[in-house]
Structures are given as C-alpha cells and as structure tokens.
Amino acid sequence: METKNAWEKYTAAELKKVDAFAKGYIDFLNNGKTERECVDEIVNGIESKGFIELDRAIRSGKKLKAGDKVYASWMNKSVAMFIIGKEPLADGMNILGAHIDSPRLDVKQNPLYEDSELVYLDTHYYGGVKKYQWVTIPLALHGVIVKKDGSTIEVNVGEDEDDPVFFISDLLIHLSQEQLEKKASKVIEGEALDIIIGNKPISFSDKAFKKTGKAAEDGKKEESKDKVKNHILEILKNTYDFEEEDFLSAEIEVVPAGKAREAGFDRSMILAYGQDDRSCAYPSMMAMLDLKTIPARTACCLLVDKEEIGSVGATGMQSRFFENTVAEVMELCGGYSELNLRRCLASSAMLSSDVSAAFDPTYASSFEKKNTAYLGHGMVFNKFTGSRGKSGSNDANAEYIAHIREIYEKDKISFQTCELGKVDLGGGGTIAYILALYGMNVIDAGVPVLNMHAPWEAISKADIYEAYRGYISFLNRCTIREKSVH
C-alpha cells in the first residue's frame with residue numbers, strides 16, 4: 001500500500017516542533033556515543049523529570065501508586081523506566097524496548113604495540129560492520145579504565161576541536177592492484193583494523209629534551225626498544241595515571257569522531273554515528289517523559305545493551321534484568337507473586353523499537369518496492385524480521401497489528417510497513433523475539449535508516465518525530481492483551 005510523505009502534512013507550527021525535537025536528538029547523539037554514556041545521559045534526563053531510582057524506593061520502604069515514576073539501571077549499560085498506571089500490573093504493561101549499543105571497534109585487553117615506529121591499538125570489531133568503511137576516517141576513543149583499586153578513569157578523546165584523533169591506514173591506490181581484486185569482505189581483514197595512535201620517539205623524561213626542548217642526537221641518545229610506545233605510555237601515565245597493564249580492565253570503544261549533523265540543503269535529515277538504535281531509544285525515552293496524564297496501563301521503556309551481538313551477557317535482553325526489575329516494581333505496588341509476574345508479562349504489549357532499512361534507489365535491486373520503507377514516510381513496522389524463510393523471526397499477530405492501526409488512525413500517526421530487503425537476500429534481528437517468549441504481543445516499530453551499520457548513518461527528521469508521536473499514542477491507547485484462565 002502506498003504511503004504519503006509525512007512532511008506534506010505538517011503546518012508551519014508543526015515543522016518547528018519537528019526541528020526542535022531533532023535538535024534534542026542531535027544533542028543526545030553527541031553526548032552518548034557508547035552505551036555507558038547513553039545511560040548517563042538518560043538517567044540525568046529522567047531524574048530531572050521526577051523519576052526515582054528503584055533501589056532508593058526499595059530502601060525507603062516506599063509503596064508505589066498510580067502516577068509514580070521509577071527506574072533501574074544495570075551495570076551502567078541498560079536501563080528500565082516505569083510510570084505506574086491505574087490498572088493492576090498483573091493486567092499487563094505497554095512497553096517500548098530499544099537497544100543503545102551500536103557497531104564499533106573494541107580495544108583488546110593487550111592492545112598496545114609498536115611496528116616501524118608507529119604505535120597501534122589492536123581492536124576487535126563489535127557487531128555487523130563493513131570493515132572497509134572504517135579505514136582512513138577520524139576516530140575517537142570513548143570508555144572507562146577501572147584500576148585494581150576500583151577507581152574509574154573516564155576516557156573521551158577525539159571529540160573536542162583541540163583533541164587529537166586516531167585512524168586506521170589503508171593501502172594507497174598506486175599499490176593496491178592486488179587488494180582491489182579481493183572481495184569486499186576481504187579487502188580489509190578484521191586483524192587489520194588496528195588504530196594508529198602515535199609516531200614520535202621522544203621521551204619527555206629524556207635529559208636532553210628537558211634541557212633544550214629537543215630530542216638528543218641519535219649518536220648520543222641511548223638506544224631503547226619501542227621508543228614511540230614508551231612515549232605513548234608516558235603520555236597515558238601523565239594524563240590519566242594509566243599503566244599499560246590497566247588495559248586488562250578497560251572498556252575502550254573506538255567510534256567515528258565528530259558530531260551529528262543536519263543533512264541536505266533542506267536540513268531534512270540527520271547524519272550521525274550510532275543511529276541504530278539510538279534513533280529509537282531517544283523517542284522512546286521522550287515519549288515516557290512527555291506523557292501528559294497517568295496512563296491506564298503501566299508504561300515501561302526498556303533500553304538495553306548487546307543487541308548487536310545477539311542480546312547476550314548480563315546487560316543484554318537475554319539476561320534476567322528486566323524480569324527481575326518488573327518483579328521488584330510489582331512488589332512495591334503490593335501485588336507481587338510469581339503467578340502475577342507471569343500474568344503481567346504475558347498480558348503486556350510491546351513495540352520493539354528498532355530501525356529498519358530505508359529504500360535506497362542506488363541499490364534498488366536489493367529491495368522489493370511494495371514492501372519497503374521510504375525515508376520521510378513516517379515510522380515503520382516490521383511484522384517479522386529474521387532472514388530467509390523467516391528464520392529467527394518474531395511474527396506479530398494480525399489482531400495486534402489491527403489494534404495499532406486503529407489507534408494510529410485516531411491520532412493521525414504517519415506509519416508504513418516493510419520487510420528488510422528481498423526475501424532471499426538477507427534480514428535482521430531485534431530484541432522482539434526475546435520478549436515474545438513471555439507470550440506478549442510484540443512487533444518491531446522504528447525508524448528507517450540509510451547506510452545502516454556504517455560509521456555514519458542517515459535518518460529523516462520526520463520519521464523520528466512520527467516515531468515519538470507513535471510511541472506516545474501506543475503508551476496512552478494500547479489496550480490489547482491475551483487472556484488465559486485468569
């Protein structure tokens with residue numbers, strides 16, 4: 001079914017709202033390039049709007065009632081927030097779920113080495129990337145270093161104008177005849193994604209340098225191995241009080257350096273790193289903050305880590321973090337039992353807020369035009385994701401989709417439906433199938449993206465604004481729930 005461009009429906013006043021929302025989103029992207037930074041940004045934002053940390057509510061013995069706002073974070077990488085509704089929790093929640101991790105390069109535990117007077121950090125790529133896209137672009141380092149004494153050093157280098165940046169080298173075109181004959185997947189190997197961080201073989205502790213401001217002459221200077229590496233270690237020690245062995249307990253992520261920007265002469269798009277899936281996480285959070293009245297059903301926003309590598313680990317969706325948190329919230333509402341917890345999760349409805357591929361005319365042969373998402377046509381629903389033959393898919397029920405269609409028509413939300421590429425060409429995954437294991441209604445609902453998983457991705461301002469409006473509509477109006485014997 002043909003959809004209309006969402007831009008065409010906006011009045012002048014609404015266009016201002018779209019731009020204002022986009023500005024807040026751009027600030028969010030610039031302040032949150034890692035999952036830890038996102039959680040910091042989210043917690044600061046929601047606490048300023050009256051959300052109370054769940055642990056604090058538990059310790060104080062506070063009982064939750066309709067309208068109360070609580071949140072829980074886990075290992076500084078995942079967060080769940082709740083606005084308690086008027087109906088019992090056992091009757092289910094309306095849940096928005098997105099992930100806040102993005103494809104990147106992770107620094108290894110023993111990464112630092114010198115070769116031919118160039119110093120490198122060895123990396124391991126995270127998530128699905130086209131490796132050749134990461135060479136020759138300016139890169140930044142974000143993360144934390146936790147020392148043996150438990151102290152934490154935050155790292156953020158490459159974003160300020162006065163910061164140095166880092167990069168991965170590529171073979172010059174004049175010598176690349178053999179390289180260019182390789183498949184794209186082999187042009188740059190994973191082990192070649194090591195970033196260059198230094199080239200100066202000068203030690204600031206060298207006596208000649210201290211006295212004259214110049215390095216000692218080669219004939220007079222004491223020879224040493226890895227002179228450049230030692231200089232880098234000296235900088236790390238002086239700047240961060242950081243020893244080489246501290247890499248063992250560091251989490252340092254390599255991301256594209258630079259700020260999110262408006263794109264196009266008409267400023268209709270946003271070009272930025274990490275929009276899969278922060279373009280869904282941000283409007284999900286803002287939908288919670290901008291609810292005007294107490295919802296009938298408890299509203300929940302769940303923002304998690306590790307989706308790009310299968311939702312594994314203690315901070316991924318497959319962990320028990322969400323289930324445990326719902327149990328704690330239910331206890332504070334006075335209605336916890338194992339049976340009520342199961343009833344709550346099974347009776348809930350969820351929008352798995354994740355991105356989908358936007359149609360790209362340059363690569364039209366990869367898409368099926370009747371069932372694809374178009375930039376600027378509103379938020380997008382994927383009835384199922386997965387890959388060939390719907391493998392690994394969550395397939396939403398027709399009744400659930402019909403209910404969402406009804407409420408979106410009432411609120412005039414621009415939306416479209418799609419599949420992720422042609423049937424036998426590919427596919428993708430989200431956290432939807434994990435929540436569906438509880439028996440709740442789930443569908444993927446997010447924002448179409450160009451250049452998905454590239455260092456710089458593009459979205460339409462109209463699409464993220466319609467997602468925000470659609471998430472508010474869902475939290476306020478969704479009433480569907482599956483009933484068993486209870």
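Here, each number is a calculation from the coordinates, and none is a lab measurement. Since we're looking at a predicted model, the values are computed, not measured. All Cβ positions, even for glycine, are placed from backbone atoms using ideal geometry, and neighbour counts span all protein chains on display.
The table for this structure:
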{"read-out": "Gap separating the Cα centres of segment 132-157 and segment 4-22, nearest whole Å", "value": "37"}
{"read-out": "Point-charge dipole on Cβ atoms (K/R +1, D/E -1) for the chain, about Cα centre, debye to 20", "value": "1600"}
{"read-out": "Cβ-Cβ FRET estimate between Asp19 and Lys225, R0 fixed at 51 Å, reported to 0.05", "value": "0.35"}
{"read-out": "Nitroxide proxy distance, nm - points 7 Å out along Cα→Cβ at Ile294 and Asp241", "value": "4.9"}
{"read-out": "Spatial separation of Cα centroids for segment 323-390 and segment 161-195, in angstrom", "value": "36"}
{"read-out": "Helix 227-240 vs. the chain, principal-axis angle (Cα, 0 to 90°, nearest 10)", "value": "50"}
{"read-out": "Candidate values (i) 24, 54, 20, 1; (ii) 24, 60, 15, 0; (iii) 22, 51, 23, 4, 0, label of the one derived for P(r) over Cα pairs in 20 Å bins from 0, in percent", "value": "(iii)"}
{"read-out": "Centre separation in Å (Cα based) which lies between segment 257-308 and segment 409-486", "value": "12"}
{"read-out": "Three-way shape label, segment 323-366, alpha-carbon gyration tensor, a/c 1.5", "value": "prolate"}
{"read-out": "For Tyr273, Tyr400, order by how many other beta-carbon atoms lie within 10 Å, fewest first", "value": "Tyr400, Tyr273"}
{"read-out": "Phe367, Phe21 arranged by Cβ crowding within 10 Å, fewest neighbours leading", "value": "Phe21, Phe367"}
{"read-out": "Dimensions (Å) - segment 104-256, Cα atoms, principal axes, largest first", "value": "53, 43, 29"}
{"read-out": "In degrees, nearest ten, helix 338-347 long axis to first principal axis of the chain (Cα)", "value": "90"}
{"read-out": "Helix axis angle, 35-47 relative to the chain longest principal axis, alpha carbon, degrees", "value": "50"}
{"read-out": "Neighbourhood net charge (9 Å Cβ-Cβ; Lys/Arg +1, Asp/Glu -1) for Met317", "value": "-1"}
